[in-house]
Amino acid sequence: MPKKTPFYEKHVQNNGKIVEFAGFLMPIQFEGIIPEHNTVRSTVGVFDVSHMGEVEIRGSDRMKFVNYITTNDASKLELNQVQYSTMLYPDAGIVDDLLVYNLKDRILLVVNASNSDKDFAWIMENKKYDVEITNRSEEIGQLAVQGPKAEPVTQKLFDLDLSTIKFYHSVETDMKGIPVILSRTGYTGEDGFEIYLESKHAADAWEMVFSAGRDFNIKPIGLGARDTLRFEMRYCLYGNDIDKTTNPLEAGLGWIVKFDKEEFIGMDPLLEIKKRGLRRKLIGFEALTKGIPRHLQEIFAGDEKVGFVTSGTFAPSLTKGIGMGYVNSVHAAIGNKLKVMGKEPIDVEIIKGPFYKHGSRK
Amino acid sequence: MANVIDSVKYTKEHEWIKIDGDTAVEGLTDYAQSELSDIVMVELPAVGKKVKAGESVGTIEAVKAVSDLYAGLSGEIVEVNEKVVGEPALINKDAYGEGWLYKIKIDDVKEAENLLSPEQYKELIEKH
């Protein structure tokens with residue numbers, strides 16, 4: 001039986017088109033992927049991201065432990081700072097990508113919905129030092145308020161001055177009486193906040209956010225636009241662009257791997273891979289001709305197959321097809337032109353950085 | 001619920017066909033446009049092309065999905081809706097009207113007997 005998030009009734013009331021995703025009944029769209037996408041780029045929208053998993057680590061060695069199971073350097077985190085990271089298998093394949101919240105008395109790991117159970121089992125299996133580990137995924141609901149107007153909307157619900165919360169920082173506070181973790185984070189490239197709360201407060205929180213956003217014409221946003229928004233920022237999606245068969249270096253996630261740490265699971269094989277040189281790289285490309293690249297289509301350089309598409313979509317902000325994929329390193333240079341084998345071959349060019357470069361992200 | 005209108009016939013591949021003498025207008029059904037959602041690219045056959053019923057004659061690309069377009073009847077393409085190529089969202093907005101796709105000069109009107117009635121099409125999409 002698929003699970004329901006604490007906001008499920010709200011999605012039904014708002015005529016969301018419900019699909020099963022990662023074991024949850026989730027809205028794929030409300031008014032349509034493109035209008036919802038444009039709402040987040042231009043004003044403000046709200047996502048139910050309660051399907052994400054939350055694993056809480058307590059105990060005196062929590063920092064040491066988190067630094068052992070993740071690749072980024074969590075010990076560099078200030079109080080309430082948030083960090084993007086990965087967890088690796090001993091062979092350097094990716095278990096998951098995640099957010100690490102360094103809270104006052106605990107560390108919160110926020111993981112992908114589809115990996116939540118697997119990740120919790122993995123963390124338990126590797127448990128060491130003085131730590132207590134709890135899977136809080138069932139009890140925690142989460143809303144993401146995203147868009148250039150996210151701050152004025154969210155500010156109405158908090159006494160503290162939100163302009164003091166920097167990007168990738170959080171605060172434990174209350175939202176008109178509801179205890180929450182509020183962080184300036186998101187998956188859209190726009191400014192925005194993620195609000196974690198106990199599921200029992202979900203209905204109240206939803207009403208509060210929507211009434212705060214009424215003047216800005218705030219709207220609910222489905223998973224479809226969540227994907228196009230993240231894609232335009234070239235953020236990786238676990239299961240498509242990264243998985244247990246990919247390592248963070250070839251995925252372009254070297255910036256969240258810190259080899260100067262004492263130890264992390266997967267460190268030695270990953271160092272070995274680094275020394276040997278990368279066989280393939282995750283590239284981002286834009287379509288030069290008509291057509292939209294799609295997941296698993298082959299990529300050619302001339303007559304030679306050099307890779308495959310991991311994610312492909314129409315980019316609503318750019319009004320053209322865009323994609324990501326792994327190609328042999330020799331073909332991965334910026335500006336290189338390749339062909340994606342759709343029904344008709346699509347000419348594509350490898351580009352640098354995010355596809356969409358005008359986000360309001362702070 | 002998807003709109004199934006009574007004045008046209010249907011195919012299993014979710015096209016609608018309106019026959020007028022020896023010419024037929026074809027388009028994508030309301031059910032198909034709602035399943036695909038946000039249509040962003042349309043590739044239509046060239047005018048003058050001879051097509052066979054069931055043959056793939058074009059592509060409909062939505063943000064998240066791609067679908068082949070199949071000819072409902074055999075004949076020659078005599079006109080395509082250029083407006084919809086420039087503004088594919090017309091299919092989402094008005095599948096049976098402004099979102100029409102192409103006109104065929106029919107080879108054999110009897111072939112239309114193989115098409116689905118509105119009732120049969122309703123049954124088909126209810127199974128989904």
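The values are calculated or read from the model by the stated rules, or taken from the named source; none is laboratory data. Only a predicted model underlies this, so the values are computations on that prediction, with no experimental measurement involved. Cβ sites come from the backbone with ideal geometry, for glycine too, and all protein chains shown count toward neighbours. Heads up: the accessible areas ignore ligands, DNA and RNA and are worked out on the full protein's heavy atoms, side chains in. Shrake-Rupley method; radii C 1.70, N 1.55, O 1.52, S 1.80 Å.
Just a few scattered comments:
- In terms of the mean number of neighbouring beta-carbon atoms within 10 Å, the peptides A:343-353, B:61-71, A:186-196 order highest first as A:186-196, B:61-71, A:343-353.
- Paired Rg and Dmax values of the protein assembly as shown, which use every Cα atom, in angstrom: 25.1, 83
- Using a probe of 1.4 Å on the protein chains alone, the accessible area found for A:Asp215 is around 130 Å².
- Structure note, pairs A:Lys290/A:Lys357; A:Lys76/A:Lys281; B:Lys83/B:Lys105: Cα-Cα distances above 24 angstrom occur for A:Lys76/A:Lys281.
- All aspartates and glutamates inside 12 Å of A:Lys156 as judged from Cα atoms, apart from same-chain residues fewer than 8 positions distant: A:Asp215
- Antiparallel bridge percentage (DSSP; both residues within the stretch A:53-135; nearest 5): 100
- Solvent accessible area, Å² - A:Arg361, 1.4 Å probe, full protein context: 110
- Here is the P(r) of the stretch A:17-171: all C-alpha pair distances, binned every 10 Å from 0, give 10, 34, 33, 20, 3 in whole percents.
- Debye-sum result for chain B in log10 I(q)/I(0), which assumes one identical scatterer on each alpha carbon, at q = 0.21 Å⁻¹: -1.26
- For B:Lys50, the aspartates and glutamates whose Cα falls under 14 Å of its own Cα, not counting residues fewer than eight places away in the same chain, are B:Glu76, B:Glu79, B:Asp107, B:Asp108.
- A cut-off of 5 Å between modelled amide H atoms, ignoring neighbours fewer than 5 places along the same chain, links B:Ile39 with B:Asn92.
- Förster radius 51 Å - calculated FRET efficiency between B:Lys83 and A:Val12, Cβ distance, rounded to 0.05: 0.90
- Rg/Rh (Cα only; Kirkwood hydrodynamic radius) as it applies to the stretch A:53-135: 0.91
- Percent antiparallel among DSSP beta bridges (both partners in chain B, rounded to 5): 100
- Assigned charges on the beta-carbon of Lys, Arg, Asp, Glu; chain B dipole about Cα centre (debye): 100
- Note on B:59-72: average number of Cβ atoms from other chains within 10 Å of each residue's Cβ is 4.
- Sum of side-chain charges, A:Lys343 neighbourhood, beta-carbon under 15 Å (Lys, Arg +1; Asp, Glu -1): -4
- Debye log10 I(q)/I(0) at q = 0.14, 0.17, 0.24, 0.27 Å⁻¹ for the stretch A:279-362, Cα point scatterers: -0.41, -0.59, -1.13, -1.40
- Using just its DSSP H runs of length 4 or more, each adding -39500 (n - 2.57), the protein assembly as shown gives a mean residue ellipticity at 222 nm of -5500 deg cm²/dmol after division by all residues.
- Beyond 27 Å in Cα-Cα separation lie the following of the pairs A:Lys128/A:Lys258; A:Lys339/B:Lys93; A:Lys4/A:Lys343; A:Lys166/A:Lys219; A:Lys4/A:Lys258: A:Lys339/B:Lys93; A:Lys4/A:Lys343; A:Lys4/A:Lys258.
- Computed P(r) (all Cα pairs; the stretch A:202-325; 10 Å bins; percent): 11, 31, 26, 20, 10, 2
- Spacing of the two label points (7 Å from each Cα toward its C-beta) at A:Arg279 and A:Glu132, in nm: 4.5
- Antiparallel %, DSSP beta bridges [both residues in the protein assembly as shown], to 5: 95
- Computed 3J(HN,Hα) for the stretch A:54-59, one whole-Hz value per residue from the Karplus formula 6.51 cos²θ - 1.76 cosθ + 1.60 where θ = phi - 60°, is 10, 10, 9, 10, 10, x, glycine and proline marked x.
- Accessible area (Å², 1.4 Å probe, nearest 10) - A:Leu237: 40
- When only the Cβ of Lys, Arg, Asp and Glu is charged (+1, +1, -1, -1), the dipole of the protein assembly as shown relative to its Cα centre reaches about 1320 debye.
- The orientation-averaged projected area of the convex hull spanned by the Cα atoms of the stretch B:6-67 comes to 4.8 nm².
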